[in-house]
Amino acid sequence: TTTPPPSGTLTFSPTDDASIKSGSPNSNFGLAPTLEVDNSPVKHSLLKFTVTSLNGRPVTNAKLRLYDVGSSNLGGQFYQALSNSWDETTVTWNTAPVASPTLLASLGRVKVNIWYEVDLTSLITADGTYSLRITSVTTDGADYVSSEGATEFSPQLVVTPSW
């Protein structure tokens, strides 16, 4: 729908999301209930969103909302993935899109059962498909609910256009 909701925001669920694990480079974890980020063993997460209904309006704010289910000293580093041609049911460590070298955002300490927001306003600028790759440099990695997890805690991209 192109009619703005009363809050003035547009909320999108991921079209795809998956964890990828360097220790299982040919395995797919796209239907798991969590998204994992860790540095030992190395695990990254991928998220893909399709943004619609902006119709040329500028974006004043875009934030990724993730629900934490695994506390960590570092909630992850967020990068644009340089390809959208991946699918949650087939992507593996070996086939995953590479991350842009430019850090979009990072989360510090995260605790269980709390929503966290990541500012993606610099990335989400128009209608289109956007992929993210989340990494970590800590060995006590974070876990977030995936789109296959509890529905009320699934990832969300909340976009506020200039109406």
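The values are calculated or read from the model by the stated rules, or taken from the named source; none is laboratory data. None of these values were measured; they are calculated from a predicted model. All Cβ positions, even for glycine, are placed from backbone atoms using ideal geometry, and neighbour counts span all protein chains on display. Just so you know, the surface numbers come from the protein's heavy atoms only, side chains and all, with ligands and any DNA or RNA stripped out. Shrake-Rupley method; radii C 1.70, N 1.55, O 1.52, S 1.80 Å.
Quick look at the numbers
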{"quantity": "Proximal aspartates and glutamates relative to Lys43, as straight alpha-carbon distance under 19 Å, when same-chain residues fewer than 8 apart are discounted", "calculated": "Asp16, Asp17, Asp68, Asp87, Glu88, Asp140, Asp143, Glu148"}
{"quantity": "Whole-percent carbon and sulfur share, accessible surface of the chain, 1.4 Å", "calculated": "50"}
{"quantity": "Residue list for the range 142-163, given a label point 7 angstrom along the Cα-to-Cβ vector of Thr60 and an amide N cut-off under 17 Å", "calculated": "158-163"}
{"quantity": "Leu82-Glu117 pseudo-label distance in nm [points 7 Å out on the Cα-to-Cβ vector]", "calculated": "3.2"}
{"quantity": "Two-site label geometry, Thr50 and Leu31: point separation in nm, points 7 Å out along Cα→Cβ", "calculated": "2.1"}
{"quantity": "Candidates Ile114, Ile124, Ile20: whichever shows maximal mean-square fluctuation once the chain is modelled as a Gaussian network with Cα springs under 10 Å", "calculated": "Ile114"}
{"quantity": "Length-normalised contact order of the chain in % [C-alpha pairs under 8 Å, at least 6 apart]", "calculated": "39"}
{"quantity": "Probe 1.4 Å, accessible area per residue of the range 1-94, Å²", "calculated": "44"}
{"quantity": "Kirkwood hydrodynamic radius over Cα pairs of the range 75-163, then Stokes diffusion coefficient at 4 °C and 1.567 mPa s, in µm²/s", "calculated": "88"}
{"quantity": "Among Tyr116, Tyr67, Tyr79, residue whose mean-square fluctuation peaks in a GNM of the chain (springs only between Cα atoms under 10 Å)", "calculated": "Tyr116"}
{"quantity": "Pairwise FRET efficiency - Arg109 versus Ser22, Cβ, R0 = 22 Å, nearest 0.05", "calculated": "0.35"}
{"quantity": "Theoretical gain in end-to-end length, Trp163 to Thr129 [0.36 nm per residue, Cα-Cα removed]", "calculated": "10.1 nm"}
{"quantity": "Label-reachable residues, the range 28-64, where backbone N falls under 16 Å from a point 7 Å from Thr15's Cα toward its Cβ", "calculated": "46-55"}
{"quantity": "Most fluctuating residue given options Ser45, Ser24, Ser13, as computed from a GNM of the chain linking Cα atoms under 10 Å", "calculated": "Ser24"}
